[in-house]
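Participant: Submitted below is the structure of interest, expressed as structure tokens.
Please treat every number below as a calculation from the coordinates, not as lab data. Here the structure is a predicted model, which is why all the values come from computation and not from measurement. Heads up, the Cβs are rebuilt from the backbone with ideal geometry, glycines too, and the neighbour counts pull from every protein chain shown.
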Amino acid sequence: MFQETYRRALNSGITPAKCIEGIKKLRDEGLEAPIVVTTYFNIPYVMGFERFLNKIKNAGAQGVLFPDLPLEEAKPLKGLISKSGLKLILQAAPTTSFERLRQILAETSGFIYLISVEGVTGARLKAQTSTFRLVKAVRELSTTPIMVDFGVSRREHAKALIAMGADGVAVGSAYARIYSENLETPFQKLDEIAKLAREIKSGCVEGYRKRITGYHKVFNKNV
């Protein structure tokens, strides 16, 4: 799904510079929500790492995530990222060992980005046992906020993940799928995308309420 999205973007003339300009435009139009730039490392490598960081910071970004940058290669760059005023977001997965998770948590800032399924990204989320164990492990090690991605496509997914301890969810492929259903007049799909966004948000609120209620039940039982 995302590979096809990338292909369409490149064929339409999208460039890193245009994406950065898009961030600035959002800020100029009044968007106040935090923005995290996600990019494979080849783009800042070619542009020049410090130049890239300064550009996205000046455009209005708050953080940066490099999906293909392992912990060992991210560490030397952390100082430059912090100096630029940005947060370095690192990832962990169900296959991440407890000791490596501890190291990742020591280096990440802003929040930690958890991959909920093994494999490539996409709108699928089935077995939740490994995700629950991962969220639980992060909670035992740190107070770092938790964002969960990969497979979130429905309100029920968001509700379950927040109820088990996550602080937020990220959705990508589900929106891309809706958008791709009408590439000739894509703006006609905006209402449907907005509807899904509201459902995901509603699921987060429901999950948080469920989590708090669960805590109250445990508290009252032990008083």
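Participant: For the range 7-12, in order, what is each residue's ³J(HN,Hα) by Karplus, 6.51 cos²θ - 1.76 cosθ + 1.60 with θ = phi - 60°, in whole Hz (x at glycine and Pro)?
Facilitator: 4, 4, 4, 5, 5, 8
Participant: Wrap a convex hull around the Cα atoms of the chain, take a quarter of its surface area, and give that in square nanometres.
Facilitator: Values: hull surface 55.3 nm².
Taking a quarter of the hull surface, the average projection is 13.8 nm².
Participant: Mind listing the Cα extents of the range 1-88 along all three principal axes, in Å, largest one first?
Facilitator: Answer, in whole Å and largest first: 35, 31, 21 Å.
Participant: From the phi of every residue in the range 160-172, what ³J(HN,Hα) in whole Hz does the Karplus formula 6.51 cos²θ - 1.76 cosθ + 1.60 yield, where θ is phi - 60° and glycine or proline is x?
Facilitator: 5, 5, 5, 4, 7, x, 6, 9, x, 10, 10, 10, x
Participant: Give the longest segment of the chain that steers clear of GluC sites (Glu not before Pro) in DSSP loops with at most 11 neighbouring Cβ atoms within 10 Å, not counting the sites themselves. Write out the running numbers ahead of the final one.
Facilitator: On the way: sites that count: GLU29, GLU32, GLU118, GLU181, GLU184.
Within the chain, the longest run free of exposed GluC sites (Glu not before Pro) spans 33-117.
Participant: Which lysines have a Cα lying under 16 Å from the Cα of LYS57, excluding residues fewer than 8 positions away in the same chain?
Facilitator: Answer for LYS57, where 16 Å is the Cα cut-off: LYS18, LYS24, LYS25, LYS78, LYS83, LYS87, listed by chain and number.
Participant: Another question, then. Of the DSSP beta bridges with both residues in the chain, give the percent that are antiparallel, rounding to the nearest 5. Show your work: numbers first, answer last.
Facilitator: Working: 0 of 15 bridges.
Given both bridge residues lie in the chain, the antiparallel proportion sits at roughly 0 percent.
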